[in-house]
Amino acid sequence: PKEAGHSRMVNAVSQELFRQFQLTVTNIADHVMYCLPRGTFDGVGYAVMNGGLSVYNDELCTSVSSQMHEIGHNLNLGHSSQGNDKYGDQTGMMGYSYRSSRTHKMCFNAAKAWQLGW
(Lines give C-alpha, C1' and ligand atoms only; values in the text may rest on other atoms or scores of the structure.)
Protein backbone atom coordinates (compact mmCIF):
# COMPACT_ATOMS: atom_id res chain seq x y z
CA PRO A 1 0.00 0.00 0.00
CA LYS A 2 1.15 3.54 -0.74
CA GLU A 3 0.85 4.40 2.96
CA ALA A 4 3.90 2.20 3.54
CA GLY A 5 5.97 4.91 1.82
CA HIS A 6 8.13 5.26 -1.23
CA SER A 7 11.19 3.41 0.09
CA ARG A 8 9.22 0.27 0.86
CA MET A 9 7.41 0.49 -2.47
CA VAL A 10 10.64 0.93 -4.46
CA ASN A 11 12.17 -2.02 -2.60
CA ALA A 12 9.06 -4.16 -3.19
CA VAL A 13 9.08 -3.44 -6.94
CA SER A 14 12.80 -4.19 -7.15
CA GLN A 15 12.37 -7.45 -5.24
CA GLU A 16 9.47 -8.50 -7.46
CA LEU A 17 11.49 -7.81 -10.60
CA PHE A 18 14.20 -10.04 -9.23
CA ARG A 19 11.75 -12.75 -8.11
CA GLN A 20 9.99 -12.97 -11.46
CA PHE A 21 12.83 -12.28 -13.90
CA GLN A 22 16.08 -12.57 -11.89
CA LEU A 23 16.86 -8.98 -12.91
CA THR A 24 18.15 -6.13 -10.80
CA VAL A 25 17.65 -2.48 -11.76
CA THR A 26 21.22 -2.33 -13.06
CA ASN A 27 20.65 -5.42 -15.23
CA ILE A 28 17.55 -4.04 -16.95
CA ALA A 29 18.94 -0.85 -18.49
CA ASP A 30 21.32 2.02 -17.87
CA HIS A 31 18.43 4.11 -16.51
CA VAL A 32 15.22 2.83 -14.94
CA MET A 33 12.22 4.95 -13.92
CA TYR A 34 9.74 3.97 -11.23
CA CYS A 35 6.37 5.75 -11.37
CA LEU A 36 4.71 5.61 -7.96
CA PRO A 37 1.06 6.37 -7.18
CA ARG A 38 -0.04 9.79 -5.95
CA GLY A 39 0.42 10.19 -2.21
CA THR A 40 3.35 7.80 -1.90
CA PHE A 41 5.72 10.70 -1.20
CA ASP A 42 5.84 14.49 -1.37
CA GLY A 43 7.66 16.21 -4.19
CA VAL A 44 8.24 15.62 -7.88
CA GLY A 45 10.80 12.84 -7.84
CA TYR A 46 14.26 11.81 -6.82
CA ALA A 47 17.17 9.95 -8.34
CA VAL A 48 20.32 8.12 -7.40
CA MET A 49 23.31 10.39 -8.01
CA ASN A 50 25.63 8.78 -10.54
CA GLY A 51 23.31 5.78 -10.64
CA GLY A 52 20.57 4.34 -12.78
CA LEU A 53 17.33 4.69 -10.82
CA SER A 54 14.91 7.61 -10.77
CA VAL A 55 11.57 7.67 -8.97
CA TYR A 56 8.61 9.92 -9.86
CA ASN A 57 5.44 10.97 -8.14
CA ASP A 58 2.37 9.91 -10.14
CA GLU A 59 1.66 11.91 -13.32
CA LEU A 60 5.00 13.71 -13.05
CA CYS A 61 6.48 10.51 -14.45
CA THR A 62 5.38 11.72 -17.88
CA SER A 63 6.81 15.23 -17.44
CA VAL A 64 9.79 15.66 -19.78
CA SER A 65 11.33 18.35 -17.57
CA SER A 66 11.04 16.11 -14.49
CA GLN A 67 12.63 13.24 -16.40
CA MET A 68 15.51 15.43 -17.63
CA HIS A 69 16.13 16.78 -14.12
CA GLU A 70 16.19 13.38 -12.43
CA ILE A 71 18.21 11.71 -15.21
CA GLY A 72 20.63 14.65 -14.76
CA HIS A 73 21.17 13.42 -11.20
CA ASN A 74 21.74 9.90 -12.59
CA LEU A 75 24.46 11.49 -14.75
CA ASN A 76 26.00 12.99 -11.57
CA LEU A 77 24.70 16.53 -12.06
CA GLY A 78 23.79 18.57 -9.01
CA HIS A 79 21.20 21.31 -8.77
CA SER A 80 21.78 24.67 -10.45
CA SER A 81 21.56 27.20 -7.68
CA GLN A 82 21.42 30.96 -7.66
CA GLY A 83 22.05 32.80 -4.44
CA ASN A 84 20.52 30.86 -1.54
CA ASP A 85 18.02 29.05 -3.77
CA LYS A 86 19.34 25.59 -4.67
CA TYR A 87 17.07 25.45 -7.76
CA GLY A 88 17.31 29.16 -8.58
CA ASP A 89 19.26 29.03 -11.85
CA GLN A 90 16.65 28.42 -14.55
CA THR A 91 19.09 28.51 -17.48
CA GLY A 92 18.93 24.71 -17.68
CA MET A 93 17.16 21.63 -16.44
CA MET A 94 18.94 21.33 -13.09
CA GLY A 95 17.25 24.43 -11.64
CA TYR A 96 13.51 24.93 -11.37
CA SER A 97 11.91 23.32 -14.37
CA TYR A 98 8.59 23.74 -16.08
CA ARG A 99 5.85 21.13 -15.86
CA SER A 100 4.44 21.78 -19.31
CA SER A 101 6.14 19.98 -22.18
CA ARG A 102 4.74 22.58 -24.58
CA THR A 103 6.68 25.58 -23.25
CA HIS A 104 10.23 26.46 -22.28
CA LYS A 105 12.08 23.92 -24.38
CA MET A 106 15.30 23.48 -22.41
CA CYS A 107 18.31 21.24 -21.99
CA PHE A 108 21.23 21.24 -19.58
CA ASN A 109 22.95 24.64 -19.42
CA ALA A 110 26.51 25.28 -20.59
CA ALA A 111 28.07 24.53 -17.18
CA LYS A 112 26.31 21.16 -16.94
CA ALA A 113 27.09 20.33 -20.59
CA TRP A 114 30.77 21.06 -19.86
CA GLN A 115 30.62 18.84 -16.76
CA LEU A 116 29.26 16.03 -18.97
CA GLY A 117 32.04 16.54 -21.51
CA TRP A 118 29.67 17.66 -24.28
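The values are calculated or read from the model by the stated rules, or taken from the named source; none is laboratory data. None of these values were measured; they are calculated from a predicted model. Neighbour counts run over all protein chains shown; Cβ positions are idealised from the backbone, glycine included. Keep in mind that these areas ignore ligands, DNA and RNA; they rest on the heavy atoms of the full protein, side chains included. Shrake-Rupley method; radii C 1.70, N 1.55, O 1.52, S 1.80 Å.
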Please compute the modelled spin-label separation between Arg19 and Trp118, points set 7 Å along Cα→Cβ, answer in nm with one decimal.
4.0 nm
Compute the Cα gyration tensor for the stretch 27-92, then decide on rounded, prolate or oblate, letting a ≥ b ≥ c be the square roots of its eigenvalues: rounded whenever a/c is under 1.5, prolate when a/b is larger than b/c in the other cases, and oblate in all that remain.
oblate
Where does helix 64-74 land angle-wise versus the long Cα axis of the chain, in degrees 0 to 90, nearest 10?
80 degrees
Can you send over the carbon and sulfur percentage of the accessible area for the chain, probe radius 1.4 Å, protein chains only?
54 percent
Computed over the stretch 26-118: relative contact order in percent, which uses C-alpha pairs under 8 Å that are six or more apart
21 percent
Taking only DSSP H segments of four or more residues, each worth -39500 (n - 2.57), what value at 222 nm results for the chain once the sum is divided by all its residues, to the nearest 500 deg cm²/dmol?
-9000 deg cm²/dmol
In whole percent, what relative contact order does the stretch 1-79 give with Cα contacts below 8 Å and a gap of six or more residues?
26 percent
Would you grab the residues whose amide H sits under 5 Å from the one on Val32? Only those 5+ places off in sequence or on another chain, please, with H modelled 1.01 Å from N.
Leu53, Ser54
Residues of the chain: accessible area per residue at 1.4 Å, in Å²?
63 Å²
Which of (1) 172; (2) 235; (3) 113 is the computed volume of the Cα convex hull per residue in Å³? It is (3)
For the chain, can you list the cysteines whose C-beta has no other cysteine C-beta under 4.7 Å from it?
Cys107
What dipole magnitude, in Debye to the nearest 20, does the stretch 52-102 give about its Cα centre under +1 on Lys/Arg Cβ and -1 on Asp/Glu Cβ?
100 debye
Any chance you could give the angle, 0 to 90 degrees and rounded to 10, that helix 6-21 forms with the longest Cα principal axis of the chain?
60 degrees
Given +1 on the Cβ of Lys and Arg, -1 on the Cβ of Asp and Glu, and no further charges, what dipole in debye does the chain carry about its Cα centre, rounded to the nearest 20?
120 debye
